[in-house]
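Read the structure below first, then the notes.
The values are calculated or read from the model by the stated rules, or taken from the named source; none is laboratory data. Remember, it's a predicted structure, so these values are computed and weren't measured experimentally. All Cβ positions, glycine included, derive from the backbone under ideal geometry; neighbour counts span all protein chains shown. Areas reflect the complete protein model, heavy atoms only, side chains present, ligands, DNA and RNA absent. Shrake-Rupley method; radii C 1.70, N 1.55, O 1.52, S 1.80 Å.
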Amino acid sequence: MTILNKTPFPLFLTYEEVAAYLPDVPLDETLDIGGHRILPIRALAPDLGYDEIHEAIHLTERENADALRTGDGELRFEYACTQLEVILALAEEQGVRAWDVVAYIAQQVFPELTVLDSTKTPVTTLDALPRHDGVDQRSFHGMSNFPLSVAPPAWFPKGGMPNVVFSGM
């Protein structure tokens with residue numbers, strides 16, 4: 001598959017993150033998605049190509065990196081706890097997979113791309129995303145730190161994976 005960018009970059013920053021570092025947050029560029037105010041990375045790097053965005057903007061405390069499928073190839077992205085919290089909260093509110101929330105946000109940030117959801121269907125609207133009523137995603141992706149592209153298995157415990165300690169006999 002074609003890769004749109006070699007190095008991942010964040011798809012968005014929260015309004016609070018940006019306001020703490022930039023004196024003039026472009027309020028007209030923020031998106032309100034499910035009650036969460038975010039600043040799409042495109043607003044901070046409007047004229048840069050996918051491969052160039054990371055050079056200008058990257059996370060210093062990256063939690064994970066992943067890649068979304070688009071009609072043009074894979075779009076690699078990174079996220080930290082701050083972005084993950086927005087994604088998980090929105091997934092819970094909407095009853096969809098966190099992975100599909102990321103696909104929706106990517107579609108809003110890069111409308112020129114045909115971003116595909118977890119069923120490989122082009123993303124259109126938030127309410128058209130596939131429903132998720134399975135495993136608690138906060139324990140799977142948040143507490144246990146599984147990447148968003150990994151689907152939670154049905155057997156995953158609600159409280160997350162227990163700490164396992166091995167000892168010699």
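Residues that are open to solvent by 60 Å² or more (accessible area, probe 1.4 Å), closer than 15 Å to L4 by Cβ and part of a loop (DSSP other than H, G, I, E, B) do occur in the stretch 102-111, at least one of them. Checking L116, L90 one by one, the residue that is touching a residue at least 24 places away in the same chain (Cβ under 8 Å) and under 21 Å from T2 (Cβ atoms) is L116 and no other. All of E55, E17, E85, E74 fail the test of being in contact (Cβ under 8 Å) with a residue 60 or more places away in the chain and either surrounded by fewer than 18 Cβ atoms within 10 Å (Cβ to Cβ) or part of a loop (DSSP other than H, G, I, E, B) (or both), apart from E74. Would you confirm whether any residue within the stretch 131-144 is at pLDDT 90 or above, part of a loop (DSSP other than H, G, I, E, B) and open to solvent by less than 30 Å² (accessible area, probe 1.4 Å)? No: zero hits.
With respect to A43, determine if the residue is open to solvent by 10 Å² or more (accessible area, probe 1.4 Å), among the small types (G, A, S) and not in a loop (DSSP other than H, G, I, E, B). Taking the combined requirement at face value, the residue satisfies it.
Condition check ((1) open to solvent by 30 Å² or more (accessible area, probe 1.4 Å); (2) in contact with a His (Cβ under 9 Å, 6 or more places away or on another chain); (3) more than 19 Å from V101 (Cβ to Cβ)) across all residues:
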residue: L13; (1), (2), (3): no, no, no
residue: D24; (1), (2), (3): yes, no, yes
residue: G35; (1), (2), (3): yes, no, no
residue: I38; (1), (2), (3): no, no, no
residue: E63; (1), (2), (3): yes, no, no
residue: A67; (1), (2), (3): no, no, no
